[in-house]
1. At a 1.4 Å probe, what is the % contribution of carbon and sulfur to the accessible area of segment A:115-251?
2. Given R₀ = 41 Å, what would the calculated FRET efficiency be for A:Ser597 paired with A:Gln20, taking r from the Cβ atoms and rounding to 0.05?
3. I'd like the per residue volume of the convex hull spanned by the Cα atoms of chain A, given in cubic angstrom.
4. Hey, can you rank A:406-418, A:524-536, A:567-579, A:267-279 by average C-beta count inside 10 Å, highest first?
5. Once you place label points 7 Å from the Cα toward the Cβ at A:Asp282 and A:Ala245, how far apart are they in nm?
6. Of the options A:Ser202, A:Val452, A:Ala274, report the single residue whose Cα projects farthest towards the positive end of the charge dipole of chain A (beta-carbon charges: Lys, Arg +1; Asp, Glu -1).
7. Going by accessible area, probe 1.4 Å, with all protein chains left in place, what is the ranking of A:Tyr181, A:Tyr284, A:Tyr460, largest first?
8. State, to one decimal in nm, how far the label point of A:Thr488 lies from the label point of A:Ser408, with both points 7 Å from Cα in the Cβ direction.
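The values are calculated or read from the model by the stated rules, or taken from the named source; none is laboratory data. Just so it is clear, the structure is predicted and the values come from calculations on it, not from any experiment. As a convention, Cβ positions derive from the backbone with ideal geometry for all residues, glycine included, and neighbour counts pool all protein chains shown. Each accessible area value is taken on the protein alone, full model and side chains, heavy atoms only, with ligands, DNA and RNA left out. Shrake-Rupley method; radii C 1.70, N 1.55, O 1.52, S 1.80 Å.
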Amino acid sequence: MTDNTARLTELAKRRGFFFQSSEAYGGVAGFYVYGPEGATLKENVQDAWRDRFVRREGHMEIESPTVMPEPVFEASGHLDGFDDMILECPECGTSHRADHLVEDNTDIEEAESIPIPEVEEIIAEAELVCPTCGTDLAGEPVDDFNLMFGTNIGPGSSSPGYLRPETAQGIFVEFPRLKEYARGQLPFGVAQVGPAYRNEISPRKGLIRLREFAQAELEHFIDPETDEPPLAEVEDVEVTLYSAAEQDADGGAPQTMTVGEAVAEDVITSDWVAYYLGVAKDWYARIGVDMDRFRYRQHNEGELAHYAADCWDAEADVTAPGAEPDWVEITGFAYRGDYDLSKHGEYADEDFTIFKQYDDPITVERATVDPDMSYLGPEFGGDAAAVADALEALAERDRSAFEGDEVSVDVDGEELTVPVEKTGFAVEETTESGEHITPHVVEPSFGVDRIVYTVLAHSYREEDLGEASEDASGEAASEADDEDEERTVLSLPPEVAPKTVAVFPLMDKDGLGERAREVADELRAAGFEVAYDASGSIGRRYRRQDEVGTPFCVTVDYDTLEDDSVTVRDRDSTAQARVGLDELATRLRTLRAGETSVSDL
RNA sequence: GCGCCGGUGGUCUAGUGGUAGGACCUGAGCCUUCCAAGCUCAUGGCCCGGGUUCAAAUCCCGGCCGGCGCACCA
């Protein structure tokens, strides 16, 4: 941890951005509170995300429960993936997957499904040793290691459930209804912003690894055969790419190129992933991520998740400029193929496919049967249904079997004969207008808390203003040449800053306070997030707002009482301009949108 | 989960076997006509449990929490 990080954390606590939860009871690891400033900042980041990845893309957003029943996670693979057996070597401290040890050193396969006591016995009997240092592992306890938070749905334990480890499953599980909503047409995207839960072994670094965290995930369902992303829209976006090949190479380094070049040179293999890397890069910049401390890194093969075909992470260096980089994964861009929908289709009762209509219907000749059950029933009793199924299968497989007067089928090893006339055998031409396909999924998955932290870290600045202000009165400059003015600033983009404008009376007397409160109230009515502060000197109040990233400060002074004008002060430059109250709200709107700056006023 | 280090007002910190000071912040008042000025006053603290001791915030043990390293990270 750099000094910078410590000071940012201190600021976050003191000014209400984020802090550890339940400290009154000793605290609990991995759970954080967003204070008044932080909650608004996070909300603003999420709104900016919705604006770009839902609204602008024409996608839809849903909100699904955080608790889902166990079978969901049997299908998704999370139950197996989470339920690891961990065995720690008493000598060297290395942790091993107990099931892997058993599989590697015995004839046993699928050791994962063996109960833990038996695994411990097997390890003792087979005299397994630590693969790292050779120490005998007999008698060492095997621990269950489950990263999902479990719970019970309703009374008793007959209906186990889990807190979702990613918001994505809430989308996949509801795919059958969502596709109806989308009227069966690909492509479409479904997003979800909300909490997910992982019972991390060791939560670390404040907001960076939490047990309850917020995700903003987009599941973009596409037809892999025909759907193409609008790559042209982002082909000129410059991105810094750290490919798997570069990571493996000696002296390999990230490369900067346009998205178009990266696709042309096959650095990024999926056009869809490339598209979202381009879109996201501009979005990160928009919310205040410093592009000099940002890169995309490709997962190498060993890192790929069980579902992912190709995956790039957005990474941010959250240390101060010039410090040893500390790269944190803030988003995963994965091409998940049809993994999720196929699995749910397999395990669940409903249909997780889309009917894809052919351009022109095709005609196929098909052999069918329509058995006369009033004959089969009396003839074969309980086997009648099996006979009918066998006839149907036979018709598909070998229509020549129906050419004689009788046809024989095999049911449970018994050969049964049916007159062909009772089978309803026919060869028909049927028209097929399409086929059922399982859509592929492109998934940009954003870690909101890590992004909020990155934005704070990249906005944080300790600034030496040099000799005291040169703006207003010339005398200040002359007498302050021996002491430097310092300040701490969060240069948050106005769009995400918790407060857009702060209103002060220059003095809290002579009616200035009352006038300033009116101005604050008018701005609130006009839709701004407004802070009001009358305490301490004017300079102290500017510094307070600098520390929480408020981009604009409005001061009511004695001239205001005369001519209904106020000063507007810019956080980053500390420049000031005089603005009439009648146009204040309009001016602030253009300032917030970045269309003008205070020095232009 | 293991190892090392740590835990004192809101924040940052000093400190001793006899229950604690500072700085900043915050609040009230005075002063002050635009960038952390000054003065007065005020609020507020030894992580939790057990042990040793006449006496523990201080020493010991355990827990919780944090930082770092290892392991883990679908």
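1. Carbon and sulfur: 45 percent of the exposed surface of segment A:115-251.
2. 0.60
3. 266 Å³
4. Per-residue mean Cβ counts within 10 Å order the peptides as A:267-279, A:567-579, A:524-536, A:406-418.
5. 2.8 nm
6. A:Val452
7. So the residues, ranked largest to smallest area, are A:Tyr181, A:Tyr460, A:Tyr284.
8. If labels sit at A:Thr488 and A:Ser408, their model points lie 9.0 nm apart.
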